[in-house]
Every structure is written in C-alpha cells, then in structure tokens.
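**Student:** To start, I am sharing the structure in question, which I have written as structure tokens.
The values are calculated or read from the model by the stated rules, or taken from the named source; none is laboratory data. As the structure is a computational prediction, the values presented were derived from the model and not from experiment. As a convention, Cβ positions derive from the backbone with ideal geometry for all residues, glycine included, and neighbour counts pool all protein chains shown. The accessibility values were calculated without ligands, DNA or RNA, using every heavy atom of the protein model including side chains. Shrake-Rupley method; radii C 1.70, N 1.55, O 1.52, S 1.80 Å.
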Amino acid sequence: MNPPHGAGSPRHDGGRSRWSRFSCWLECVCVVTFDLELGQAVELMFPPDVKLTEKEKTSICYLSFPDSYSGCLGDTQFSFRLRQSVGRISSRFKDDVYNQDAPVTLQREASHFFGYVYFRQVKDVSVKRGYFQKSLVLVSRLPYTHLFHSLLQIIAPEFFEKLEPCLEAVCNEIDQWPSPTPGLTLNLPVMGVALQNVLPAPTLLPTLHELDLFKSFQSLLIHLQMLWELTLLGEPLVVMAPSPNVSSETVLALVSSISPLKFCCDFRPYFTIHDSEFREYTTRTQAPPNVLLGVTNPFFIKTFQSWPHIIRLGDVTTTGDLPKQVKVKKLSKLKILDTKPGIYTSYKTFLHKDKILIKRLLKGIQRKRPSEVQSAILRRHLLELTQSFIIPLERYMASLMPLQRSVTPWKTPPLIRPFSQDEFMSTLDHTGPQLTSLLKGDWTGLYRKFFRSPNFDGWYRHRHKEMSQKLESLHLEIICDADLIGWTKDKSEVEIVDLILKLREKLNKAQRQQLQLKDGVLEKLDSFVNSIIRTLPEDLHTVLRPHETI
C-alpha cells in the first residue's frame, strides 16, 4: 500500500499530531487475505507506519481466519485477544488518564490487543482456490466488542466492494473522533452514519461492550451457576465451539458474567494451534494454567483431555423451540473423542441453582420474548449475584483504611491494615451475601476458594492501590491546611531542607499518579516550597534546584 499524503510523518492540526485521535481508539486496521503460496498474509495495514512486530503480524494473520473455512461461507464476525510481544513498550499509554476514570472491565489493555474480525468467504471462479477469502480486522487495546463489531457491519461490506480507498477514508474519519471519555455521550460519524452510545441516533448503541448474553448461554441456561463460579474462581476452562463466532461470543460472555469484577486471568476468545502460547497452554508436565480458551479445531479434543473443565458446544438452532440444554458429563467421556455437546467436569457448585430464574428464561423462550429482554434479565441476575458476593469484601476492605483523624501533617500516614481471611470470614454472619441474595449454599467455601484465585489477587491489588492513593491525597490535603510557615520558624536548616525534599517527592508522586486532590492543593504546596527556599542561604538553592520538577 502506498502511504497516503502525509502518512508516516507527523502532521499537526491545531497542535494535534497525525493519527493521535485514531490511536486512542485503534492500534491499526488490517486486511488479511489468503495467498496460495504464503497462506494467510497481511495485504494492507493502516496507518502504514504502525509499529507491529513480525510476531504480532503473524499471529493476527492466523487469528483472523477460521480454523476451518468449509463451514464459514458468507460473512462471519468474531473476536480474538492477542498477547503483545515481550519487550514492546507503549509509551503512549504510560500515563493513561482514560484508565483512571473507566470501570476496570472497560480499561485499556496494557499488554494485549483485541482483534475484531469481519471474515468473508464467497465463491469466486476467478480465484485459483475457487473462493474469495478475506478478513477486515480492527486491532485495538479497548474491549469495546459491541462498538467495533457494529462499526465493522457498516464499513466491511463497503470495503469489500471498493477496497483500499474506502479504508483510508474511514481511518481519516476515525481520526476526527473525540477521544473515548468515560461518562460522556459521543457522536462517532463514519460513512454517513452516526454511532452514538446513549442518545437516539441513526445507529443507536446503548452499550459499547456488552454482548447478547442470552444468545451465548441459551444452551447452557440450567448450568449458569456453575459457569459463574468457574469464571469467578478463574478455573482453567476450554470452550470447544463449531465456529469462531460462537467460541468468541461464549468466552466473552463468560468474562462479562462476573462484571463489575474484573476477570484477571488470561482469556482468549479464539485460540488456534498457531498461537505463540500454544505450547505454554498445552504442556502436560504441569497443571493447566488459569486461562479461559475458545477453540474450534477438533484437534484440541485430544490436546485438552487433561484440563479439568471443558464446555463442548454444538450448533444452536433458533426455531422458537426450547434450545437443547447440554448435560454435565464425566471428563473420562472425552477420552473416546465424544463429539456430543456437554460440560465435561467433576466440579460441584458451592451455591444452589436459581430455579426461578431458569424457569423465567425458559418460559420467555416459549413465549418468544425478545432476546434483548432475555439478556437484560440474565445480566441483571448475574450483576446482583456478583455484587452480593463482592459487597462484603468491599465493606471489609474499607475497614482496613486508617481513620482520617490518625493522619497528621508531620508524620508519614499510617499503613493500610493487612487483609485477614479469617477476620473477613468472621464478618459474614452479620454482613454476608445472605443479606442481598436469596441463593443458598456454601458461601464460605466459595470465598475460601476465591482467595486462591488470580481474580481475588487482581481485585485486592486494585483496591489496595486505590486506597493507598486516597491516603496519599488525604495526607497532602492535611499538609496543605497546616501552618507550614509557623512550623519552620524554630526548625534548623537541615530539618527545613528535609521537609522541602519530602514535599517535592510527594508533589512529584501526586503528579505521576494523577491523584484526585482538592483544587489548588498542588499549587499552594509548590508555592510554599518555593517561598521557603528563597529564605534559605544561596548555597542551598543549588542543592534544591535539581529537585524542582513542578
């Protein structure tokens, strides 16, 4: 592809560099085609100067085509998630303001790319293989599944007809979009259609990321409790599906089932034998990793026989009848290459099924209730279930925070108390999930197993970081309100210099972490530091000046 005018070199529009807004949404757009000699190959990439490693390009090629093309005539949409190359640094997002305000489940990925694929396969006698096979792929760090697949539905049919010029025009339009901003309704014009995520518009997107949960779970409804627990606990889980769209939708639905809790394990909506992590995830010399994989190649039946939990899905027919519910089967059944759909596991749920919910959803199928309504019922149930589980943890975590009155301007703030599992368990009788959930079962056992999962570790680290920053902000605000000038009057130069250095360190840290502070705190403290420096002997100015960064 020849670079468009100005591509590959910075261009400034009102102080904005070329492709800066585009890169807030997408890493790049790729066109992957099938070459008789090379196999899958990147035919086109935009912007032309995008920095992807050869390993990343190769992975995108393999992940952009279904494992088996025979059953994918026509158009197919699916998603993948790709680990970026080791050592790759994305300085653009080092201080990501977006991630500070975004919910944890919608934050920009630092070490992975998402791929959103629109694959077309149609008969074409002019091609040696007899088929036109091409994929249009949006590569992004944002988990905006619904938005990007909706965008592909608009641009892909036009692209396959007009090819390169169309793609360049679309990328230029995306480069005019405002940056993604949590809490704001954005107008995103593309090819004459305005995508909006709240207000009525030609194309209304009520959500950026949510999938049709009911569609993904319709053959698994009676096992919802098991699926939620396996995901919550980050258990090694493989979804074997007949196509990449069923695979990716099911994996992403599982990940979203524990929202607003972030799924902190690795997950691959669509995983192939060509993936660079294939050997890592299929070795039999160690226990399976905490990862959620979606696969379509029958080869994986044998490869994953040692995994503790396998969901095998068949084609779901939507004729208006009740979808056939898969059964729970013993793992040993998979050894004879059983091709029947089922959940192959020996896992026993800690909590009982919600039979009322299942009856309500099954009755909705009989009454032909719209899928959007079924999904809303399902999503609300899963949200309330996750919140019932997480609220006692949040309440206990908040109790570990030092009292505000214990924070004084002249001392290092007290530490957050360590998390004690036994102490937390002792709170459950009075503040446990039974207060907000009607589900019965062994909640205590579920918590104990959760404490050993990557999801607990990720949640705890995130909450501890938030609380530490809040403590740091509170300390700075208390220092700001203190009589700093009065404190210095009877202090030696050594003590004053020590205070200045500590304050500068705290101010620099506050800027790096972009702490949420009351208006004027940083400016007032910086002004105080500079005014005190001016009262000190001249020889100390040169000592303190290198530390001035604010």
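**Student:** Counting only protein heavy atoms and using a 1.4 Å probe, what share of the accessible area of the chain belongs to carbon plus sulfur, as a whole percent?
**Tutor:** Carbon and sulfur: 53 percent of the exposed surface of the chain.
**Student:** For Val190, what residues show an amide H to amide H distance below 5 Å, using hydrogens built from the backbone and excluding near sequence neighbours?
**Tutor:** Amide H neighbours of Val190, under 5 Å, 5+ apart: Leu195.
**Student:** If I stretch the segment between Met401 and Leu36 completely, what's the gain in nm (0.36 nm per residue apart, minus their alpha carbon distance), one decimal? Let's see the in-between values first.
**Tutor:** Numbers: separation 365, 0.36 × 365 = 131.40 nm, distance 6.25 nm.
Additional length available on full extension: 125.1 nm.
**Student:** So, one more: Within the stretch 405-449, report the chymotrypsin sites (Phe, Trp or Tyr not before Pro) that DSSP leaves as loop and that have at most 13 other Cβ atoms within 10 Å.
**Tutor:** Details: sites: Trp410, Phe419, Phe424, Trp443, Tyr447; in loops: Trp410, Phe419.
Here the chymotrypsin sites (Phe, Trp or Tyr not before Pro) that fit, given the DSSP loop and packing criteria, are Trp410.
**Student:** Taking H placed 1.01 Å from N in the peptide plane, check which residues at least 5 places from Gly294 or on another chain put their amide H under 5 Å from its amide H.
**Tutor:** HN-HN under 5 Å from Gly294: Val239, Arg268, Tyr270, Phe271.
**Student:** Follow-up question, since we're still on this one. Under a 1.4 Å probe, what is the accessible area of the chain per residue, stated in Å²?
**Tutor:** On the way: 27390 Å² over 550 residues.
In whole numbers, the chain has 50 Å² accessible per residue.
**Student:** Once amide H atoms are built 1.01 Å from N in the peptide plane, which residues 5 or more positions from Lys329, or in another chain, come under 5 Å H to H?
**Tutor:** Ile343, Tyr344, Thr345
**Student:** Of the listed values (i) 180; (ii) 203; (iii) 171, identify the label whose number matches volume of the Cα convex hull per residue in Å³ calculated from this model.
**Tutor:** After the calculation, the listed value that fits is (ii).
**Student:** Can you work out the Karplus-derived ³J(HN,Hα) for every residue in the stretch 147-156? Use 6.51 cos²θ - 1.76 cosθ + 1.60 with θ = phi - 60°, whole Hz, and x for glycine or proline.
**Tutor:** With coefficients 6.51, -1.76 and 1.60, one gets 4, 6, 6, 5, 4, 4, 5, 7, 8, 5 Hz.
**Student:** Please list, or write none, the aspartates and glutamates whose alpha carbon is within less than 18 Å of the alpha carbon of Lys302, excluding same-chain residues fewer than 8 places away.
**Tutor:** Hits, sequence-local ones excluded: Asp67, Asp275, Glu277, Glu280, Asp338.
**Student:** Pop out the ³J(HN,Hα) list for the stretch 123-138 in order, Karplus 6.51 cos²θ - 1.76 cosθ + 1.60 with θ = phi - 60°, rounded to Hz; leave Gly and Pro as x.
**Tutor:** Here the 3J(HN,Hα) series is 5, 8, 5, 7, 9, 4, 6, x, 9, 7, 9, 8, 10, 9, 10, 9 Hz.
**Student:** A further question follows. Specify the angular offset, from 0 to 90 degrees and rounded to the nearest 10, of the alpha carbon long axis of helix 371-399 from the longest principal axis of the alpha carbons in the chain.
**Tutor:** The two axes meet at around 30 degrees.
**Student:** Run the simple label-point estimate for Gln305 and Thr53 please: 7 Å along Cα→C-beta, distance reported in nm.
**Tutor:** Rounded to a tenth, the inter-label distance reads 3.4 nm.
**Student:** Please sort by residue number the trypsin sites (Lys or Arg not before Pro) in the stretch 362-449 whose DSSP state is loop and whose Cβ has at most 13 other Cβ atoms within 10 Å.
**Tutor:** Here the trypsin sites (Lys or Arg not before Pro) that fit, given the DSSP loop and packing criteria, are Arg367, Lys368, Lys411, Lys440.
**Student:** Next question, about the same structure. What figure, in Å² to the nearest 10, do you get for the accessible area of Glu43 with a 1.4 Å probe and non-protein molecules left out?
**Tutor:** 90
**Student:** Right, something else. Based on DSSP H runs of at least 4 residues, each adding -39500 (n - 2.57), what is the mean residue ellipticity at 222 nm of the chain after dividing by all its residues, to the nearest 500 deg cm²/dmol?
**Tutor:** So the helix-based figure for the chain works out to -12500 deg cm²/dmol.
**Student:** Also: Each residue of the stretch 515-530 in order: what ³J(HN,Hα) in whole Hz does its phi give by Karplus 6.51 cos²θ - 1.76 cosθ + 1.60, θ = phi - 60°, with x for Gly and Pro?
**Tutor:** These are the phi-based 3J(HN,Hα) values: 5, 7, 10, 4, 4, x, 5, 4, 5, 5, 5, 5, 4, 4, 4, 5 Hz.
**Student:** With an 8 Å cut-off on Cα pairs and a minimum separation of 6 or more residues, tell me the relative contact order of the chain in percent. List each step's numbers first, then the result.
**Tutor:** Numbers: 795 pairs, mean separation 61.7, N = 550.
For the chain, the relative contact order is 11 percent.
**Student:** Quick one: of Lys55/Lys162; Lys215/Lys324; Lys327/Lys353; Lys215/Lys355; Lys57/Lys465, which pairs are farther than 25 Å apart, Cα to Cα? If you can, show how the numbers build up before the last one.
**Tutor:** Values: Lys55/Lys162 29 Å; Lys215/Lys324 13 Å; Lys327/Lys353 15 Å; Lys215/Lys355 19 Å; Lys57/Lys465 35 Å.
Correct reply: Lys55/Lys162; Lys57/Lys465.
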